[in-house]
Structures are given as structure tokens and as C-alpha cells.
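Structure record follows, encoded as C-alpha cells.
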Amino acid sequence: MTVRVVLAVLAALALVAAAQPAVDHARDTQQSAEIRASADRVADAVTDFHRRSDPGDSLATAPRTTLDLDLPTGAELRVRDDPARLVVVHGGTEHRRLLPVPVAVCGDRRTLRGPTTLAYVEASDGPVVVATRGFIGGEATTAAHACVL
């Protein structure tokens, strides 16, 4: 009887060990898809602003959209200039997507994560998409949304 229990436990452990690479691959594939979807939403929103909208004079009058960028732990969406681009960082690799206009992130960060509002604003150097943390409501007059361009 004891031998059967031991053999059953060993067989179960062998099955778990054999299935683990498939589980890891499925998790990595799902995370990559989530990251790509978030990057696509940002790039599509910036491109749509550039193609279909006129930039506003301020955050209060600018066309805007709010995105929920739900990224797995360790993944980042970074914005860069010269040329304007979105850099997706995950698992030690970087993928770049060129953007038609620069993206300025309010605050001290250069990454996009969580609820993020994008607003298309006319700055002194030309049109720019301003990214702020959270939702911009009303007249966009709260301190968190007072970006200086």
C-alpha cells in the first residue's frame, strides 16, 4: 500500500514537472500580448490625435482620451524623444514604435502605467501629446494636471 502511494506521488510530481514549461510559456505569451495591446493603444491614440484632431491651447481645451495601461510586473512603456518613440521594455528586450508627435509625461517619470490620460496640446515647439497619471476631468485645473510645456 505504501509503495502505491509513493509511486502515485512520484507520478504526479513528474506530470507537474513536465507541464511546467508549457505553463510558463502560456504565461509569457499572455504577458507579451498584454504589453503589445497597451503599446498599441498608446500608439494608436497618438496617431489618431495627429491625423484627426487639432491641438488645444491648454489641457482644458485639448482633445483627450484616457487609457488603462495594465502592465505585468517588470514591463515598462517609456517615451523617448529625437525621434518621438514609444519603447516597450520586458524581459530584457526592448521594442520601439515611432510616433508622429512627441509625448511629454507630466511629473518626474518617463514611463506610462495605469490609468493615463493623453491630451493633444499645442506647445511652443509644436504639437505634443501630454500624458498625465489618471483621469483629467472638468477644466483640468488640479495641481496634478498643471503641466508646464
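Those strands (runs of 3 or more DSSP E) of region 1-116 in which 3 or more residues are in contact (Cβ under 8 Å) with a residue 24 or more places away in the chain and among the hydrophobic types (A, V, I, L, M, F, W, C) occupy 103-105. Under the condition of being buried (at least 18 other Cβ atoms within 10 Å of the Cβ) and touching a helix residue (DSSP H, G or I) at 6+ places or on another chain (Cβ under 8 Å), which residue from region 76-100 is nearest to G56 (Cα to Cα)? That would be L99. Among (1) at pLDDT below 90; (2) exposed (fewer than 12 other Cβ atoms within 10 Å of the Cβ); (3) closer than 28 Å to Q30 by Cα; (4) not β-branched (V, I, T), which single condition is G138 missing? Of (1) at pLDDT below 90; (2) exposed (fewer than 12 other Cβ atoms within 10 Å of the Cβ); (3) closer than 28 Å to Q30 by Cα; (4) not β-branched (V, I, T), only one is false for G138: (3).
The values are calculated or read from the model by the stated rules, or taken from the named source; none is laboratory data. Remember, predicted model here, so these are calculated numbers, not experimental data. Counting neighbours? That spans all protein chains shown, and the Cβs are built from the backbone with ideal geometry, glycine included.
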